[in-house]
1. Only Cα pairs within less than 10 Å get springs; with that Gaussian network setup on chain A, which residue of A:ASN101, A:ASN29, A:ASN11 has the largest fluctuation?
2. Write down the percent of antiparallel bridges among all DSSP beta bridges whose residues are both part of chain B, to the nearest 5.
3. Evaluate E = 1/(1 + (r/R0)^6) for B:GLN314 and B:GLN84, where r is the Cβ-Cβ distance and R0 equals 30 Å; express this FRET efficiency to the nearest 0.05.
4. Let me know the Kirkwood hydrodynamic radius for the protein assembly as shown, please, with Cα pairs as the basis and the value in Å to one decimal.
5. How far, in nm, would the chain grow between A:LEU27 and A:LYS111 when pulled straight, counting 0.36 nm per residue and subtracting the alpha carbon separation?
6. Taking only Cα atoms, what is the 0 to 90° angle, nearest 10, from helix A:128-150's long axis to the longest principal axis of chain A?
7. Pull up the DSSP beta bridges for segment B:4-170 and report the antiparallel fraction as a percent, rounded to 5.
8. Could you work out the percent of alpha carbon pairs in segment A:100-151 separated by over 15 Å, rounded to a whole number?
Amino acid sequence: MKQEKRNQAYNQYVEARIPKTKPWPSLFNSFWVGGLICVLGQGIDELILYIFPYMSQQSAWTWTLIVLIFLASFLTGIGVYDKIGKFAGGGSIVPITGFSNSIASPAIEFKHEGIIYGTCVKMFSIAGPVIVVGVVASIVVGLVYYFVGLI
Amino acid sequence: MQQTIEFRNRPKIIGSYSIVGPKEGAGTFGEYFDYVMKNDLFGEETYEKAERKMFEQAVTGAISKAGLTTAKINLMLAGDLLNQIISSSFTARDFSLPYLGMFGACSTMAETLAIGSVLINGGHFDNLVCATGSHFSTAERQFRFPLELGNQRVPTSQWTVTAAGASVLSLEGKGPQITMATFGKVVDFGIIDVNNMGAAMAPSAAETIFTHFNETGRKPTDYDLIVTGDLGKLGAEILVDLLEDKGIKLGPNYSDCGHSYFTRKQDTMCGASGCGVSASVLNSYIVKKLNKGEIKRVLFIPTGALMSTTASQQGESIPGVSHAIVLEADEKKSTKAKTIKISPPKKE
């Protein structure tokens, strides 16, 4: 009991001493980098529609995502994306490029442990939870949609 | 319970070697290191192999600087941060040396030196080698995230160094003497944040330093340098506060290897961490300063965070351990040095 109190007091003391990050500069950086990635996506979309005028908007969107995912994986491979991430934080994590980076980086890192036990197993070590949550959420939404439709 | 022991025969560090990565070489202690690698892979396929090669070079370097050959070494005491301490044991395999693997996280340098001094002081071995090291990239992948992941580091985080150091202990030869060791208890003040190792380890350092002064009757001013391992900026500040509460005031002769390892520009948040921090600073800067006689007596307290990723994910707090050793410049004149009487510890 005495120990718990001591630990609690110590944790409070440490909390007060921790250097704080300045929120505004980091928010600003993540805002403009994140925005830039979105502008880039829009640009790619328009470019695809310009080159292939008969393509539907739906497929153009899909191709845009594929291009963005490729670009982010490529930048991860040549060691650039982690520098962007260090600067922009959430701005480069939240867009789909961040998702691509989170799959490509462990895949590269663990290639020495072999294709199956290294790359394949570790590839989803960071993005895995996001995929699980996404799939579960879509099941729930699908069920709701189905039952609402019945009424 | 007596935690401090004195070595009457005064084992000496007769050979020491430090090897670091390029970023570390560009840091504060750059000019003191024996060897700076050109890149982190060190010509190997994997970072684990690079760490091992670094380890091997540290051990051979220390042995040859002592003027000995591997055949003259009776025992190797070593440890590192990787699971099952593979860097140490694989190095011992390649040298075919009798080997004791030790794990004290980042306090390993003091742990091996203290046990080594006991064995040398007792006359059981003629020469033995103590070594430890760490590698940024192997530690990151074991404890944190892949290198290429675009995430940000929190302000309390520390940078695991790519560095290794080795010392050869013997009674014969020249070099700084190890005169005392204080073995530390495992102390846990309930810090859970794995990105705040300094705060997790500071209480153990405070406990060991307090015990050392209490049992020896010495004061901080009796040392030219009091140096902790890798508490970092925040941890070192906390340590000063914790000791002040216990009535010990650390002066300007106190410093932390981790806090001063990198320059401000190198942007490592709270400083350096890893076994390599204290190992490389001891086997370069501290030993060289003692040999030159610029400093006479050093209290060296590497600090270790005994964390495991499994325990942390299960919500356990991070225990710390710190061992202290006293190093003194080898002065022929003062061989009849007054032996300090170790008083029984006062009750808290």
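What follows draws every value from the coordinates through simple rules; no lab data is involved. Since the structure is predicted, the reported quantities are computational estimates derived from the model, not experimental observations. Neighbour counts run over all protein chains shown; Cβ positions are idealised from the backbone, glycine included.
1. Most flexible of the set in this elastic network: A:ASN11.
2. Of those bridges, close to 60 percent are antiparallel.
3. Numbers: r = 20 Å, r/R0 = 0.67.
The calculated FRET efficiency here is 0.90.
4. Details: mean 1/r = 0.0404 Å⁻¹.
Averaging 1/r across every pair of different Cα atoms and inverting gives 24.7 Å.
5. Gain on stretching A:LEU27 to A:LYS111: 26.8 nm.
6. Helix A:128-150 sits roughly 60 degrees off the main axis of chain A.
7. Restricted to segment B:4-170, the bridges split so that about 55 percent are antiparallel.
8. Details: 764 of 1326 pairs.
Distances greater than 15 Å cover 58 percent of the Cα pairs.
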